[in-house]
Amino acid sequence: MRSPIKGKSIPLFLFLLVQPALLLAADTIDPADTAWMLVATGLVLLMTPGLALFYGGMVRSQNVLSAVMHSLFAIGIMSIQWYVIGYTLSWGDDTGFGLFGGLNYLFLNGVGMEANGTIPHVLFMMFQGMFAVITPALIAGAVVERIKFSSWVVFMLLWGTLVYDPLCHMVWHPDGFLLNRGGLDFAGGLVVHISSGVSALVLAIMIGKRISYGKVPMPPHNLVLTVLGAALLWFGWFGFNAGSALAANALSANALVVTHISAAAGLVAWVVAEWIIVRKPSVLGAASGLVAGLVAITPGSGFVTASSAIIIGLTGGFICFLGVRIKVKLGFDDSLDVFGVHGIGGIVGALLTGLFATRLVNPAGADGVFYSLSSGFGLFLEQLFGVVFTIIYAVVFTWVIAKLIDKTIGLRVPDETEILGLDGTLHGEQAYHS
């Protein structure tokens with residue numbers, strides 16, 4: 001995800017982290033790298049419609065279009081936000097302290113077909129924009145079936161601007177605060193999953209439970225849609241992680257391999273745990289487990305081996321399985337388990353990167369606890385710092401944004417609207433006609 005921004009001086013180890021070949025071909029567009037990044041950008045875009053189906057199948061039938069609209073509209077509104085101000089806040093020249101970028105790329109000023117590393121600058125911008133689209137869309141799963149659509153749109157815009165963009169700068173920009181401390185996040189454990197997961201938990205608690213939650217069954221209305229969405233997420237995740245190498249190289253290939261292996265391990269771990277504890281291996285559990293495995297490997301996908309990916313996937317799948325059961329005991333309504341899968345999975349993955357990262361995969365990265373006798377727990381402690389910092393930052397700003405919206409236009413639909421269903425009352429449509 002890191003980029004040699006044109007015109008900036010970058011430490012050598014950061015330069016190597018993205019693409020070793022850049023030393024030989026700086027500021028020269030490579031056709032193979034460009035072709036791969038065009039594909040990777042499309043793959044990451046596909047993930048948001050996949051998320052729409054994944055979430056849409058898990059809600060009740062009178063709310064499926066509402067759930068789909070949350071993700072679908074995110075593609076539109078967050079793409080425009082990225083064009084206007086998101087890219088410059090994320091990747092513009094640092095304004096000091098490594099917290100957010102300046103306005104030199106406002107309205108994509110200065111972002112053209114010139115080389116940015118070995119791909120066109122405009123392509124790098126668009127690849128990064130796909131991450132900015134899906135991240136706020138993830139949060140919607142925690143508050144489906146009861147949040148006002150107008151409030152959701154405002155929340156996405158404010159959250160993307162105040163939470164996602166600064167975190168992107170801090171974690172991935174060459175001058176970023178967290179990056180320069182030495183933390184590792186190859187494709188979005190902190191920026192995407194932990195930030196969205198903990199924000200989803202805050203928003204779910206603030207908006208409250210669905211009417212009759214815990215009193216009447218609220219099963220998924222169409223698990224086939226959910227499995228289709230999970231399949232699209234799995235497919236698109238290859239662009240998400242392997243594309244974060246920003247080149248068609250060996251690092252990208254390794255990221256693809258560990259991504260797939262971790263997803264498979266997460267699927268197996270969740271289903272086996274469910275089989276043992278609940279006595280019934282479910283399709284929903286399989287879909288949730290593979291996503292948990294994908295989430296867990298994301299921060300370490302450019303730093304770990306396939307053997308480590310097995311452990312990360314198994315651990316992520318099992319802990320996320322336990323994590324989604326927390327809400328029953330604590331009584332909050334994270335409707336589609338955004339915190340349980342993305343928040344907890346992101347935390348697990350970020351911390352395990354501190355254990356399993358190795359320079360054997362990425363010479364410009366760092367060795368984790370299991371590969372370094374000299375640095376000891378150094379990388380793990382940096383990963384822990386990044387996790388805690390991200391949680392605090394996202395929680396505080398999400399609370400402020402949600403409170404502001406609730407005090408002005410309100411977060412939640414009226415009870416009558418919620419009972420009748422959001423599809424007909426908010427969107428004037430029905431997914432199914434008898």
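The values are calculated or read from the model by the stated rules, or taken from the named source; none is laboratory data. What you are looking at is a predicted structure, and each value in this text was computed from that prediction instead of being measured. All Cβ positions, even for glycine, are placed from backbone atoms using ideal geometry, and neighbour counts span all protein chains on display.
Key figures for this structure:
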item: Check on P281, over 25 Å from N222 (Cα atoms), of a type outside the set (A, V, I, L, M) and out of contact with any Cys (no Cβ under 9 Å at 6 or more places or on another chain); result: no
item: The lone exception for G317 - which of (1) surrounded by fewer than 24 Cβ atoms within 10 Å (Cβ to Cβ); (2) in a helix (DSSP H, G or I) it fails; result: (1)
item: Positions within the stretch 136-156 being assigned to a helix (DSSP H, G or I), aliphatic (A, V, I, L, M) and within 21 Å of I194 (Cβ to Cβ), in sequence order; result: A137, L138, I139, A140, A142, M156
item: Failed item in (1) crowded, with 16+ Cβ neighbours inside 10 Å; (2) aliphatic (A, V, I, L, M); (3) modelled with pLDDT under 50, with M78 passing the rest; result: (3)
item: Check on A306, under 30 Å from F124 (Cα atoms), in contact (Cβ under 8 Å) with a residue 60 or more places away in the chain and surrounded by fewer than 19 Cβ atoms within 10 Å (Cβ to Cβ); result: no
item: Residues (assigned to a helix (DSSP H, G or I) and either crowded, with 16+ Cβ neighbours inside 10 Å or not hydrophobic (A, V, I, L, M, F, W, C) (or both)) located in the stretch 393-414; result: Y393, A394, V395, F397, T398, I401, A402, K403, I405, D406, K407, T408
item: Subset tally (residues that are closer than 20 Å to A204 by Cα, of a type in the set (A, V, I, L, M, F, W, C) and surrounded by fewer than 19 Cβ atoms within 10 Å (Cβ to Cβ)) for the stretch 415-425; result: 1
item: Residues of the stretch 82-101 that turn out to be touching a residue at least 40 places away in the same chain (Cβ under 8 Å), crowded, with 24+ Cβ neighbours inside 10 Å and farther than 13 Å from W172 by Cβ, as a count; result: 2
item: Residues satisfying the stated conditions in the stretch 107-135, i.e. among the hydrophobic types (A, V, I, L, M, F, W, C), part of a helix (DSSP H, G or I) and in contact (Cβ under 8 Å) with a residue 24 or more places away in the chain; result: F107, L108, L123, F124, M125, M126, F127, M130, F131, A132, V133, I134
item: Residue match in the stretch 323-338 (condition: closer than 23 Å to C168 by Cβ and either modelled with pLDDT of 95 or more or β-branched (V, I, T) (or both)); result: yes
item: All positions within the stretch 21-47 that are within 20 Å of F240 (Cα to Cα) and either at pLDDT below 95 or in contact with a Leu (Cβ under 8 Å, 6 or more places away or on another chain) (or both); result: D33, T34, M37, L38, T41, L46, M47
item: Odd one out for N104 among (1) in a helix (DSSP H, G or I); (2) over 29 Å from D423 (Cα atoms); (3) at pLDDT 95 or above; result: (1)
item: Residue ID - farthest from W234 (Cα to Cα), chosen from residues in the stretch 320-334 that are among the basic types (K, R) and surrounded by fewer than 17 Cβ atoms within 10 Å (Cβ to Cβ); result: K329
item: Residues that are of a type outside the set (D, E, K, R) and surrounded by fewer than 24 Cβ atoms within 10 Å (Cβ to Cβ), drawn from the stretch 161-188; result: T161, L162, P166, P174, F177, L179, N180, G182
item: Counted residues, the stretch 274-295 - those being free of Cβ contacts under 8 Å to residues at least 60 places away in the same chain and of a type in the set (A, V, I, L, M, F, W, C); result: 6
item: Any hit, the stretch 132-139, residues being in contact with a Lys or Arg (Cβ under 6 Å, 6 or more places away or on another chain) and crowded, with 24+ Cβ neighbours inside 10 Å; result: no
item: F149 vs. criteria surrounded by fewer than 21 Cβ atoms within 10 Å (Cβ to Cβ), over 19 Å from Q383 (Cβ atoms) and touching a Leu at 6+ places or on another chain (Cβ under 7 Å); result: yes
item: Residue count for the stretch 83-127, restricted to those that are more than 24 Å from the chain's Cα centre (by Cα) and among the β-branched types (V, I, T); result: 3
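Let's see how each residue does on (1) at pLDDT 95 or above; (2) in contact with a Leu (Cβ under 9 Å, 6 or more places away or on another chain); (3) not β-branched (V, I, T):
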| residue | (1), (2), (3) |
| --- | --- |
| L381 | yes, no, yes |
| L384 | yes, yes, yes |
| V387 | yes, yes, no |
| V395 | yes, yes, no |
| D406 | yes, no, yes |
| P414 | yes, no, yes |
| E429 | yes, yes, yes |
| S434 | no, no, yes |
